[in-house]
Amino acid sequence: MKAVSDTVAVHRRKRIDIWDVLIPFSLIIVSLVCLLPFIHVVSKSFSADAFVIANKVYLWPRGFTLGAYEKIFSDASILRSLYVSVIVTVLFTILGMLITVFAAYPLSRTQLRGRALFTFIFMLPLFFQGGIIPDYLLMNNLGLLDTIWSLVLPLSFSAYNLLIMKSAISSGIPVSLEESARIDGAGHFRILFSIVLPLSKPILATIALFYAVGRWNAYQDALFYIKQNIDLRPLQLKLYYLIIQSTESFQLEGSQITLSNPEVLKASCIVFATIPILCIYPFIQKYFVQGTMLGAVKE
């Protein structure tokens, strides 16, 4: 009997040892799949045009040069576009968080009359949208074209983020805590600012990151709404026009080696636009991990 138990223990140990190897190996493979394309883009941005055209650049720069970045910074409007993107992203994130918080808190309270109807109305844009042409006509009728508010107001409400915030408040804030605050005479605003928001820092950081990254990477709405006032072009749109201009010039005068390869310029633009988000993410990573898990487990 003892020999049988020893054999089973040995088999279990072997099984555990195998999984101890397979799980880290799988995580390493997935990490490399996510990391290697970005390293490839960075390498292309620092490589000479001849090596990129010949497809000889993989994970290390060939013919190291800063020519593409020099071309980006040689345009004085690039820094202005960076400033516009920062202002728009900050305003958009603040407004989006205010709308999300002030809508999610009452919808998470069971004593709100008509809560199901209001939730249905708020969730409706998650399934049905007007489209590009109605959005453009609305911006035109409101007189918001070529203004900074055309980049801030339209997408400041996200039904998906509202659903996440509502679920997090409902599952993360005990009802007994709210009831004890009411006994002490606290109202809804006092409960929201003194209890709900301090206890919801992880989900607030997560949703703020969603808003900021979504706005930072968007350029299609600016392409439609910002036509005459070129000083309001955000960074993504400015880089888009820079790549288009470089592509046309390269096709017309491809024999001139002084021109930057569009692929090199595109890679440098991706790196230049990604650095600000990479600098911010480490500071809120711990809140992001907690926020994505908040409300995922029901007890």
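Odds and ends about this structure:
- Filtered residues of the range 100-123 (kept if of a type in the set (A, V, I, L, M), under 15 Å from Phe157 (Cα atoms) and surrounded by fewer than 17 Cβ atoms within 10 Å (Cβ to Cβ)): Ile121, Met123
- Looking across Gln236, Gln220, Gln228, one residue alone is of a type in the set (S, T, N, Q), closer than 14 Å to Val88 by Cα and open to solvent by 20 Å² or more (accessible area, probe 1.4 Å). It is Gln236.
- Subset of the range 20-50 [in a helix (DSSP H, G or I) and touching a helix residue (DSSP H, G or I) at 6+ places or on another chain (Cβ under 9 Å)]: Phe38, His40, Val41, Val42, Ser43, Lys44, Ser45, Asp49
- Every residue from the range 54-99 that is assigned to a helix (DSSP H, G or I), β-branched (Val, Ile, Thr) and either exposed (fewer than 13 other Cβ atoms within 10 Å of the Cβ) or at pLDDT 80 or above (or both): Val84, Val86, Ile87, Val88, Thr89, Val90, Thr93, Ile94, Ile99
- Counted residues, the range 190-236 - those being in a helix (DSSP H, G or I) and within 21 Å of Gly143 (Cα to Cα): 9
The values are calculated or read from the model by the stated rules, or taken from the named source; none is laboratory data. These numbers were taken from a predicted model, which means no experiment stands behind them. As a convention, Cβ positions derive from the backbone with ideal geometry for all residues, glycine included, and neighbour counts pool all protein chains shown. Side chains included, ligands, DNA and RNA excluded: accessible areas come from the protein's heavy atoms. Shrake-Rupley method; radii C 1.70, N 1.55, O 1.52, S 1.80 Å.
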